[in-house]
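Chemist: Let me give you the structure first, and then I'll get to my questions.
What follows draws every value from the coordinates through simple rules; no lab data is involved. Here the structure is a predicted model, which is why all the values come from computation and not from measurement. In this analysis, Cβ positions are derived from the backbone assuming ideal geometry, glycine residues included, and neighbour counts consider all displayed protein chains.
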Amino acid sequence: MHRRQPPTRTSRRHSARCRICSRRCLTSPLDGKTKELIGLAVAAQIPCQYCIYFHTEAAKLNGASEEEIKETIAMAAIVRHWSTMLNGSQVDLATFKKQTDDVFAAVKAKSQ
């Protein structure tokens with residue numbers, strides 16, 4: 001006979017978080033797969049092994065392929081890398097925004 005372990009502070013917090021997430025998920029404009037892939041990307045960067053496992057399995061349950069899961073993790077790593085580079089190099093935010101806007105405007109102009 002196995003005795004059930006009393007809930008830990010971490011497991012209680014996780015359960016509360018899941019209840020909150022469940023309520024939010026019912027009325028979200030994002031589909032389940034997209035939300036779980038976002039959750040995985042964030043979890044990979046926090047990092048939280050519990051959240052990584054949960055969001056990976058939930059993404060699969062919502063139809064995410066192994067390729068999509070790998071791409072999600074790669075994008076999270078790329079974003080963190082460039083955030084580190086830009087912040088560490090103290091790149092001026094106004095200059096960065098201007099350059100980014102110029103690139104997007106040029107791409108938009110070419111696509112029309």
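Chemist: Going through the stretch 39-50 one residue at a time, which ones are surrounded by fewer than 18 Cβ atoms within 10 Å (Cβ to Cβ) and touching a residue at least 12 places away in the same chain (Cβ under 8 Å)?
Modeler: The answer is V42, Q45, Y50.
Chemist: Restricting the search to the stretch 71-91, which residues are loosely packed, with under 11 Cβ neighbours inside 10 Å and of a type outside the set (A, V, I, L, M, F, W, C)?
Modeler: Listed by number, the residues that qualify are H81, T84, N87, G88, S89, Q90.
Each row is one residue, and each column tells you yes or no for (1) assigned to a helix (DSSP H, G or I); (2) without any contact (Cβ under 8 Å) to a residue 24 or more places away in the chain; (3) in contact with a strand residue (DSSP E or B) (Cβ under 9 Å, 6 or more places away or on another chain); (4) not acidic (D, E).
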{"site": "A76", "(1), (2), (3), (4)": "yes, no, no, yes"}
{"site": "T84", "(1), (2), (3), (4)": "yes, yes, no, yes"}
{"site": "N87", "(1), (2), (3), (4)": "yes, yes, no, yes"}
{"site": "V91", "(1), (2), (3), (4)": "no, yes, no, yes"}
{"site": "Q99", "(1), (2), (3), (4)": "yes, yes, no, yes"}
{"site": "A106", "(1), (2), (3), (4)": "yes, yes, no, yes"}
{"site": "A109", "(1), (2), (3), (4)": "yes, yes, no, yes"}
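Chemist: Here's something else I'd like to know. Output the number of residues of the stretch 24-64 satisfying the condition of being farther than 24 Å from H81 by Cβ and of a type in the set (G, A, S).
Modeler: Final tally of qualifying residues: 4.
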